[in-house]
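All remarks here apply to the structure that follows.
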Amino acid sequence: MINSLEETARKLRRRIIEYSYKTKTPHLGSCLSCIDILVVLYFDIANVNPNSPNDPDRDKVILSKGHAAPALFQVLALKGFFPYESLINSDHVNGGLFGEHPPTPSHLPGIEAATGSLGHGMPMGVGMALANRIQGRDARVFAVLGDGECNEGSIWEAAMFAGSHRLDNLTVIVDFNKWQATDRSSDVLAINPFKDKWSAFGWNTFEVDGHDIPSMIKLLQSDSNKSGQPLAIIAHTVKGKGIDFMEDDNNWHYRTPNAVEFAMALEQLGYDQ
Amino acid sequence: MRTAFADEITKLGAEDSRVVLLSGDIGNRMFDDFKDKNSNRFYNCGIAEANMMSMASGMALSGLRPVTYTITPFTTTRCLEQIRVGVCYHNAPVIIVGTGSGLSYSSLGPTHHSLEDIAILRALPGIVVFAPGDKAELRSGLRAALKQNKPVYIRLGKKNEPQVYSDEFNHSLRLGKATTVIEGNDICFIGTGNILPEVMQAASTLKATGISVQVESFHTIKPLDIEKLSKLFSRFDNVVVVEEHSCIGGLNSAIAEWIISQRVMPRARLLSIATDDRFLHEIGDHAFARRYFGIDAKSIELRAIEALSEQT
């Protein structure tokens, strides 16, 4: 099981890098830091079914850090929400569907919120979690955030609401890759002590290695949060994880690989050309 | 208007289990009845309007019909991006209710005035912009808003405004269709929102002097009733548009946009009564603020007389 999830993550890393190389889509570092989190959610934890993407009882996963959409698109395609071919053959100049951020749910199955402007997805997720409670649905809501995104005040408004209403059907996973667009996140604003912040807002908070799939699964299993509080997972990650010359190098926030770099990346992932 | 809102939303909440009321730490006593009847469908979201609006969009996407409620600038411009992205981009059926619109909270100063909200919100794709002129229009329009499967912005006045229609409870309007309040022949007044009673008063004073005024309530600014505009602008020489809103971007601007899109310039001249492009730095009551900006009944009346005399 774990081996197969790790193999899925490896396959997705390859597809993400290939897509970035061929389409010149940026935010590769951000995609590679959160891909293991997305694999855990979509291929193990979350109750989502590509054959019934609008099932009202489904779990909902929101990529609040919407600029990692290229990773999400690959995950949704592999999961079967739409054909892989429609993604890799999509038009990037004259009216295609797959841009640099997720489109709205009514335009692409599997998407729960059109994110990209930071600080919107998680508060929308709070609304969905509260809706589940009002409607008596036993479904969970997961929001994947960036550490840079936590600059936004709306994240903390939402955190306060979820904490005070003890929305234990809501989980936030922060892809804490220590970078934002132009600098170290700890140098831009006072993000630390990060775990204490979430705890202080009334969340059941854990830290984990965001590339350690078994540890994340253990924390995210539905019966693991008995606190009655919303769950916050601070996932320590490496931006550009998996490709040594991209790892922790923030140039890969915007850069896309050239042919040589693409070949090197494939080799590192253990793929032939 | 706001007590009528509390009463009507309480009825709607009882009829429709999808209705959820979100308040930005305001009007709590007013909603006691709603809370008694639907304790799990009222949330005081605190003084955190951005989160309130995003939550509303998430709830709407989950099949509920959330209604956000707080003072107009805080539920509109304060959280504009949440309305633009969460609500409008997703076409989420959220009802956004602003209370104390225009200069209603005159003495609270420009932080609590809203003279730009119509301009800003009507620029967002897909949203309905509705400004009821009294309780009757509000009650009917709120019911109609709940039947729309799209975002609706409702711009309320304050409480104890004069009634325009005698029957508060059985009035019937259609969103996007203007209402002829008074038939007349000499000049046409188009009013929107909480200034409508002033428009009515001006029309009444003019009638006593022998001037016959037609009064139209353009309670819906978007979508604009262009069929009605075509009729009015071909029938009258002067159409006076009155709004408790900036001269920039409101109903007058919306009608001007329609006029310049016409192949043939319509017969009527468009006259605007709206607030100047400035903040009010003097403190006073609502009537003072309206006089200050020249949008009160007397100013409307004088403007009409002036327009008619220019014509002859």
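The values are calculated or read from the model by the stated rules, or taken from the named source; none is laboratory data. All values derive from a computational prediction rather than experimental measurement. Every residue, glycine among them, receives a Cβ derived from its backbone with ideal geometry; neighbour counts consider all protein chains shown. For the accessible areas, the whole protein counts, side chains as well, though only heavy atoms, and no ligand, DNA or RNA atoms are used. Shrake-Rupley method; radii C 1.70, N 1.55, O 1.52, S 1.80 Å.
Listed values, structure above:
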{"quantity": "Checking B:PHE236 against (1) crowded, with 16+ Cβ neighbours inside 10 Å; (2) over 26 Å from B:ALA208 (Cα atoms), the condition it does not meet", "calculated": "(2)"}
{"quantity": "Hits in segment A:241-272 (condition: over 18 Å from A:LYS24 (Cα atoms) and touching a helix residue (DSSP H, G or I) at 6+ places or on another chain (Cβ under 6 Å))", "calculated": "A:LYS241, A:GLY242, A:LEU269, A:TYR271"}
{"quantity": "Of residues in segment A:115-139 being assigned to a loop (DSSP other than H, G, I, E, B) and either of a type in the set (Val, Ile, Thr) or surrounded by fewer than 24 Cβ atoms within 10 Å (Cβ to Cβ) (or both), the one nearest to the other protein chains (Cβ to nearest Cβ)", "calculated": "A:SER117"}
{"quantity": "Filter result for the condition that a residue is at the interface with chain B (Cβ under 9 Å from one of its Cβ atoms), buried (at least 20 other Cβ atoms within 10 Å of the Cβ), more than 16 Å from the chain's Cα centre (by Cα) and of a type outside the set (Val, Ile, Thr), over A:SER106, A:SER154", "calculated": "A:SER154"}
{"quantity": "Leading residue by the ranking (most open to solvent (accessible area, probe 1.4 Å)) among those in segment B:15-33 that are away from chain A (no Cβ under 14 Å) and in contact with a Ser or Thr (Cβ under 6 Å, 6 or more places away or on another chain)", "calculated": "B:ASP33"}
{"quantity": "Qualifying positions in segment A:109-148 - touching a Gly at 6+ places or on another chain (Cβ under 8 Å) and at positive phi", "calculated": "A:GLY116, A:GLY119"}
{"quantity": "Pair list, Cβ under 7 Å, 6 or more apart: segment B:75-98 residue of a type in the set (Asp, Glu), other residue open to solvent by 10 Å² or more (accessible area, probe 1.4 Å) and at pLDDT 95 or above", "calculated": "B:GLU81/A:SER117"}
{"quantity": "Residues satisfying the stated conditions in segment A:37-54, i.e. open to solvent by 10 Å² or more (accessible area, probe 1.4 Å) and not in a loop (DSSP other than H, G, I, E, B)", "calculated": "A:PHE43, A:ASP44, A:ILE45"}
{"quantity": "Some residue of segment A:160-177 being within 16 Å of the chain's Cα centre (by Cα), away from chain B (no Cβ under 14 Å) and farther than 13 Å from A:LYS65 by Cα", "calculated": "yes"}
{"quantity": "Of all residues making up segment A:185-236, the number that are assigned to a loop (DSSP other than H, G, I, E, B) and open to solvent by less than 10 Å² (accessible area, probe 1.4 Å)", "calculated": "3"}
{"quantity": "Residue satisfying all of: in segment B:128-144; hydrophobic (A, V, I, L, M, F, W, C) and crowded, with 24+ Cβ neighbours inside 10 Å; farthest from the chain's Cα centre (by Cα) among these", "calculated": "B:LEU138"}
{"quantity": "Test: residue in segment B:157-169 that is in contact with a Phe, Trp or Tyr (Cβ under 7 Å, 6 or more places away or on another chain), within 29 Å of B:TYR89 (Cα to Cα) and at pLDDT 95 or above", "calculated": "no"}
{"quantity": "Segment B:201-232, subset aliphatic (A, V, I, L, M) and touching a residue at least 60 places away in the same chain (Cβ under 8 Å), residue surrounded by the fewest Cβ atoms within 10 Å (Cβ to Cβ)", "calculated": "B:ILE211"}
{"quantity": "Test: residue in segment B:21-37 that is charged (D, E, K, R), at pLDDT 95 or above and within 30 Å of B:THR275 (Cβ to Cβ)", "calculated": "yes"}
{"quantity": "Cross-chain or 6+ apart pairs with Cβ under 6 Å, segment A:144-159 first and under 16 Å from A:ALA181 (Cβ atoms), then in a helix (DSSP H, G or I)", "calculated": "A:LEU145/A:MET122; A:ASP147/A:SER185; A:GLY148/A:SER185"}
{"quantity": "Yes/no for B:ILE187 being in the same structural domain as B:LEU302 (by TED's automatic domain parsing), over 23 Å from B:ILE96 (Cβ atoms), open to solvent by less than 20 Å² (accessible area, probe 1.4 Å) and out of contact with any His (no Cβ under 8 Å at 6 or more places or on another chain)", "calculated": "yes"}
{"quantity": "Segment B:272-312, subset in contact (Cβ under 8 Å) with a residue 24 or more places away in the chain and hydroxyl-bearing (Ser, Thr, Tyr), residue farthest from B:ASP117 (Cα to Cα)", "calculated": "B:SER299"}
{"quantity": "For A:PRO257: the one exception among (1) over 30 Å from A:MET1 (Cβ atoms); (2) under 16 Å from the mean Cα position of the chain (by Cα); (3) in a loop (DSSP other than H, G, I, E, B)", "calculated": "(2)"}
{"quantity": "Options A:SER30, A:SER86; residue that is polar (S, T, N, Q), assigned to a helix (DSSP H, G or I) and touching a residue at least 40 places away in the same chain (Cβ under 8 Å)", "calculated": "A:SER30"}
{"quantity": "Residues that are among the acidic types (Asp, Glu) and more than 19 Å from A:GLU247 (Cα to Cα), drawn from segment A:19-64", "calculated": "A:ASP44, A:ASP55, A:ASP57, A:ASP59"}
{"quantity": "Residues (open to solvent by 10 Å² or more (accessible area, probe 1.4 Å) and either modelled with pLDDT under 95 or part of a loop (DSSP other than H, G, I, E, B) (or both)) located in segment A:163-179", "calculated": "A:HIS165, A:ARG166, A:ASP168, A:ASN169, A:LYS178"}
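Rundown of residues vs (1) open to solvent by less than 10 Å² (accessible area, probe 1.4 Å); (2) under 19 Å from the mean Cα position of the chain (by Cα); (3) facing chain A (nearest Cβ under 9 Å), yes/no style:
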position	(1), (2), (3)
B:SER57	yes, no, yes
B:LEU61	no, no, yes
B:VAL67	yes, yes, no
B:PHE74	no, yes, no
B:THR77	no, yes, no
B:CYS88	no, yes, no
B:PRO93	no, yes, no
B:GLY100	yes, yes, no
B:LEU103	yes, yes, no
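Here's the yes/no breakdown for (1) in contact with a Cys (Cβ under 6 Å, 6 or more places away or on another chain); (2) of a type in the set (A, V, I, L, M, F, W, C); (3) closer than 25 Å to A:MET128 by Cβ:
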site: A:MET216; (1), (2), (3): no, yes, yes
site: A:LYS226; (1), (2), (3): no, no, yes
site: A:GLY242; (1), (2), (3): no, no, no
site: A:ASN251; (1), (2), (3): no, no, no
